[in-house]
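Shown next, in C-alpha cells, is the structure this report addresses.
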Amino acid sequence: MELDERKKKILQAVIRNYLETGEPVGSRTISKDSSLNLSSATIRNEMADLEEMGYILQPHTSAGRIPSDKGYRLYVDAMMAEKEREVVEMKEMLVERQDKMETLLKQVARVLAQNTQYATMISAPHAKRNKLKFIQLSRVDAKQILAVIVVEGNMIKNSILSVDAELDDETLLKLNILLNSNLNGLCIDEINLGMISLLKQQAGIHSDIVGGVIDAVAESIRADEDLKIYTSGTNNIFRYPELADQQKASELINTFEEKQMLGELLQDSGQDPDSTGIQVYIGAETQVQSMKDCSVVTATYELGDGMKGTIGIVGPKRMDYDKVIGTLRTIQTQLDELYRDDKN
C-alpha cells in the first residue's frame, strides 16, 4: 500500500501530538487539525491503514495510536531533509547577498569619495539585537552531534557538541522541538538564567546539550558584532593644507587603515535605534584624536529586518556641508530602494 500525501500528513499529526502530550492520539484529536480538513471517519480509516503498514501502533484496545519506530524514522528523515534543504538554500542566498552587498558598499564608498573629494567610510549592515531563527540538531556519530544555528541577518554557525552516549532519533527530535519552541525569535539578552534552568530541567539527562547549544547561540550572535568597514578616498586628505601636515595626515591615514577607531565612531553614530538621520561632528566632537581638525558627517541607512549600517564622510572643517548632506541623503534613499528591489 502506498503512503500518499494524506497519510503522510495524518502520520505527522499523530507524531506531533504524541510528542507534545505523551498520550495515545485518537482520530477526533487529529480531526481538529485545521490544515487537514478531514472528518473523523476518514481519519480513522487512514489511521487503520497506517497501523496495517506499521507506521503507528495501538497500545491497547480502544486507545488512540502512537508512532512506531518505522513511523518515527519516516518523520525524522523527512524533517531532517527539509531542514537540510532550508539550511543549504539559506546559505546560498546569504553568500550571494553578502557578495553583492560587499561589492555595492565598496562602490558606494568609491563614488562618494569621487563626488565629494573627501575621505569616505561605510559599515556593512549590522543588527544590534540579532534574533535566533532556528536550531537544527543532527547526529554526526555516536559521540558527537552537530548544531546548526541560524541567526537573523547573515549568520549561520555550525557547532560540534560532544555527548556521552549516542542519541536516538526520538531524543534528537524532542531536543529540537524543546529548543526551537522556546528560543526562536529571541535575542541573546532575552535568554536569561531562569529560562536556561527550565530548559535544562525539561531536557533531563541531556541538560548538558542544552547548555552547549545556548553557548553556541551566544557565540553565533556575538560573532556578528565585529563591523566590516569599507573606505575610499584617503588620499583626498592631502588636498587640504590644514590636513596635509605630515604628522596629521599620517595619523588620519593610520586611523583609516586600522579601522578600529572608525568602527567605534560609526557605531556611536548609529546607537539610537530609531535614528536614520544625518549627524555632523566638528573637530573634537568626534572623540577621535586624529580627527580633531576634521569634520565628520554620518548617515545611518537601513535595509530592513533591523539591519543598519552607517556612512561617514571625513574632510576639513571648511567642507561643503550642504553638498555632503545632500549626497548622503541621496545615498540613503538609493540603498533603501536597491534593498526593496532586491527583496521583491
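The values are calculated or read from the model by the stated rules, or taken from the named source; none is laboratory data. From a predicted model like this one, the values you see are computed outputs, not experimental measurements. Reconstructed Cβ throughout: ideal geometry from the backbone, glycine too, with neighbour counts over all protein chains shown.
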Give just the number: which of (1) part of a helix (DSSP H, G or I); (2) at pLDDT 85 or above does GLY54 not satisfy? (1)
Only one of ILE237, ILE313 is over 29 Å from the mean Cα position of the chain (by Cα), buried (at least 20 other Cβ atoms within 10 Å of the Cβ), under 24 Å from LYS100 (Cβ atoms) and at pLDDT 85 or above; which? ILE313
If VAL148 meets every condition in (1) modelled with pLDDT under 80; (2) surrounded by 18 or more Cβ atoms within 10 Å (Cβ to Cβ) apart from one, which number is that one? (1)
Selection count where residues are at pLDDT below 80 and assigned to a loop (DSSP other than H, G, I, E, B), scope segment 316-344: 1
Name the one entry in GLN287, GLN279, GLN267, GLN260 that is exposed (fewer than 13 other Cβ atoms within 10 Å of the Cβ) and either modelled with pLDDT of 85 or more or out of contact with any helix residue (DSSP H, G or I) (no Cβ under 8 Å at 6 or more places or on another chain) (or both). GLN260
Condition met for ILE43 (crowded, with 17+ Cβ neighbours inside 10 Å, farther than 30 Å from THR234 by Cβ and modelled with pLDDT of 85 or more): yes
Residues being among the hydrophobic types (A, V, I, L, M, F, W, C) and assigned to a strand (DSSP E or B): count how many of those fall in segment 153-195. 5
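This table checks each residue for (1) closer than 30 Å to GLU257 by Cα; (2) at pLDDT 70 or above.
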{"position": "GLU89", "(1), (2)": "no, no"}
{"position": "LEU94", "(1), (2)": "yes, no"}
{"position": "ARG110", "(1), (2)": "yes, yes"}
{"position": "ALA124", "(1), (2)": "yes, yes"}
{"position": "ARG139", "(1), (2)": "no, yes"}
{"position": "LYS157", "(1), (2)": "yes, yes"}
{"position": "LEU167", "(1), (2)": "no, yes"}
{"position": "LYS174", "(1), (2)": "no, yes"}
Quick check on my filter: what residues within segment 48-76 are closer than 22 Å to ASP169 by Cβ, charged (D, E, K, R) and touching a Lys or Arg at 6+ places or on another chain (Cβ under 8 Å)? GLU51
Among the residues of segment 68-87, are any modelled with pLDDT under 70, assigned to a helix (DSSP H, G or I) and out of contact with any strand residue (DSSP E or B) (no Cβ under 7 Å at 6 or more places or on another chain)? yes
Of everything in segment 16-40, what is among the small types (Gly, Ala, Ser), within 38 Å of the chain's Cα centre (by Cα) and exposed (fewer than 14 other Cβ atoms within 10 Å of the Cβ)? Give them in sequence order. GLY22, SER34, SER35
(1) at pLDDT below 85; (2) under 30 Å from PRO67 (Cβ atoms); (3) not in a strand (DSSP E or B) all hold for LEU132 apart from (3)
